[in-house]
2 protein chains.
Amino acid sequence: MHNLFADIPTELAEELSQTLLAADGVRIERIVSLGHASPAGFWYDQNQSEWVVVLKGAAKLRFEDQIIAMTAGDHLNIPAHRKHRVEWTTPDEPTIWLSVHYGKRS
Amino acid sequence: MHNLFADIPTELAEELSQTLLAADGVRIERIVSLGHASPAGFWYDQNQSEWVVVLKGAAKLRFEDQIIAMTAGDHLNIPAHRKHRVEWTTPDEPTIWLSVHYGKRS
């Protein structure tokens, strides 16, 4: 038994990503950000789709055509190869994400 | 954009299950319980595996060999055909679950 809200580091040099489950083409991750953003100019371009939810904290995801602000409970689906980056996460508290990678690799 | 913690009914005759995503053999659901338990003698015997987390509230899951108490943040993986039932959810507040069904149907 593990807890999504436990074992949150108080200092984080880099975003922390932990795999909770990996099976049958599905990967579930907990991600903890603390004011982190994607490196300048970096875009995720993933060959699997990703469903993501912010459980605590606040973040902004940038897509090529829009920025989406997310707070606790907000979720969205990112189809494979939809380019995106983490534009901002709040520096005031850890942002805890849950991410489900799924689908065929394309 | 939708929010996992929004639109929680204040009265619930039955447990509420809502599909957030269904694609590529993966189904993500939000489940809201308010003191509900599985019917007497009922056991889930699912042909897909299920990863489940309690996001708010409290619950007890019964397996054939043990009972697991869960509070916010606790998650676990239920392999296909591992029989289980919801033994109890707190009547004091809604219990919000996130469930990811995945894997081959067996």
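The values are calculated or read from the model by the stated rules, or taken from the named source; none is laboratory data. What you are looking at is a predicted structure, and each value in this text was computed from that prediction instead of being measured. Note that each Cβ is placed from the backbone with ideal geometry, even for glycine, and that neighbours are counted across all protein chains shown. These area figures cover heavy atoms from the full protein model, side chains too; ligands, DNA and RNA do not enter into them. Shrake-Rupley method; radii C 1.70, N 1.55, O 1.52, S 1.80 Å.
Per-structure values
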read-out	value
For residue A:13, inter-copy label distances in nm, listed shortest first [label point 7 Å out on the Cα-Cβ vector]	5.9
Convex hull volume per residue in cubic angstrom - Cα atoms of chain A	99
Accessible surface ranking that places the most exposed of A:43, B:51 first, with a 1.4 angstrom probe	A:43, B:51
Shortest-first nm distances, residue A:82 label point to equivalent points in other copies (7 Å, Cα→Cβ)	3.2
5 angstrom amide H check on residue B:74, placed H, neighbours 5+ away	A:4, B:54
Residue with peak Gaussian network fluctuation, chain A [Cα springs, cutoff 10 Å], from A:96, A:28, A:67	A:67
Longest DSSP-loop-exposure-free segment, trypsin sites (Lys or Arg not before Pro), chain A, at most 16 other Cβ within 10 Å	A:1-81
Cα-centred dipole magnitude for the protein assembly as shown, charges only on beta-carbon of K, R (+1) and D, E (-1), debye, nearest 20	640
Sequence of A:78, B:8 from largest to smallest accessible area, 1.4 Å probe	B:8, A:78
Cβ-placed point charges (K, R +1; D, E -1), dipole of chain A about Cα centre in debye, nearest 20	360
Heavy atoms of residue A:92: accessible area, 1.4 Å probe, square angstrom to 10	140
Accessible area that becomes buried as B packs against A, both chains, 1.4 Å probe, Å², nearest 100	2200
Cross-link partners of residue B:83 among lysines (Cα-Cα below 22 Å; sequence separation of 8 or more within a chain)	B:60, B:104
Label spacing, shortest first and in nm, from residue A:60 to its equivalents in the remaining copies (7 angstrom along Cα→Cβ)	4.8
Hz values of 3J(HN,Hα) by residue in the stretch B:29-36 - Karplus curve (6.51, -1.76, 1.60), Gly and Pro given as x	10, 9, 10, 10, 10, 9, x, 6
Solvent-accessible area, 1.4 Å probe, carbon plus sulfur percent, for the stretch B:2-77	47
For residue B:41, net neighbour charge (Lys/Arg +1, Asp/Glu -1) across residues whose Cβ lies under 15 Å away	0
Where GluC sites (Glu not before Pro) fall in DSSP loop in the stretch B:5-106, at most 13 other Cβ within 10 Å	B:11, B:14, B:64
Unit charges on C-beta of K, R, D, E only; dipole of the stretch B:27-86, Debye	140
Contact order relative to length of chain A, as percent, for alpha carbon pairs under 8 angstrom and 6 or more apart	35
Projected-area mean, the protein assembly as shown, by convex hull of Cα positions, square nanometres	12.4
Sum of side-chain charges, residue B:88 neighbourhood, beta-carbon under 9 Å (Lys, Arg +1; Asp, Glu -1)	+1
Whole-number accessible area per residue in Å² for chain B, which is evaluated in the context of all protein chains at 1.4 Å	50
